Amino acid sequence: MNITSFLDQHKGAAEIVGQIESHISSGSVGDPSAVRTLLSSLVGKLSIHLAMEDKNIYPKAAVSDNAELKAMSARLQTEMSGLADVLKSYSGKWSNASDISASQSEFIAETKGIVSALKNRISVEERDFYPLVEKYL
């Protein structure tokens, strides 16, 4: 299976994450409106990415003859469901610039946690999962 589009989506998400990080790197939120716009863009990109994985990768991996791919796919799909729920809740909690501005320390702490989880997930997919997808699907 060609995974180029999935890697491109990771790159796009990573670019947005980098922009968000630049807005919070000083310990305060430089432009809450811009950050909220970036969050909306990130959630949109990740929603598309997850839908594509759910449609194109996970069903095929679930019936793969390769046990490693099958097991990793099931684990990652379950984990991503949890991460997607956390991201949705986070996005809802910080749904406007005034909330971000009013609670900057809390926003920054939660954002760092979300960013860390996303970076870890992307790393695992690119290092461990996608090579199996390319090889066996």
- Applying the selection to the range 127-137, what residues are in a helix (DSSP H, G or I) and surrounded by 15 or more Cβ atoms within 10 Å (Cβ to Cβ)? F129, Y130, L132, V133, Y136
- Restricting to the range 95-111, what's the tally of residues that are part of a helix (DSSP H, G or I) and under 18 Å from the mean Cα position of the chain (by Cα)? 5
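Residues are listed down the side, and each one gets a yes or a no for (1) assigned to a helix (DSSP H, G or I); (2) under 16 Å from the mean Cα position of the chain (by Cα); (3) surrounded by 14 or more Cβ atoms within 10 Å (Cβ to Cβ); (4) modelled with pLDDT under 95:
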site: S5; (1), (2), (3), (4): yes, yes, no, no
site: G30; (1), (2), (3), (4): no, no, no, yes
site: S40; (1), (2), (3), (4): yes, yes, no, no
site: Q77; (1), (2), (3), (4): yes, yes, yes, yes
site: G92; (1), (2), (3), (4): yes, yes, no, no
- Message: Of everything in the range 90-134, what is touching a residue at least 40 places away in the same chain (Cβ under 8 Å) and basic (K, R)? Give them in sequence order.
- Response: K112, K119, R121
- Task: Give the number of residues within the range 7-46 that are under 16 Å from E125 (Cβ atoms) and without any contact (Cβ under 8 Å) to a residue 24 or more places away in the chain.
- Result: 2
- Message: Could you check the range 42-75 and list, in sequence order, the residues that are outside any helix (DSSP H, G or I) and exposed (fewer than 13 other Cβ atoms within 10 Å of the Cβ)?
- Response: V63, D65
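The values are calculated or read from the model by the stated rules, or taken from the named source; none is laboratory data. A quick note: this is a predicted structure, and the numbers were derived from the prediction, not measured. Positions of Cβ are generated from backbone atoms using ideal geometry, with glycine treated the same way; all protein chains shown enter the neighbour counts.
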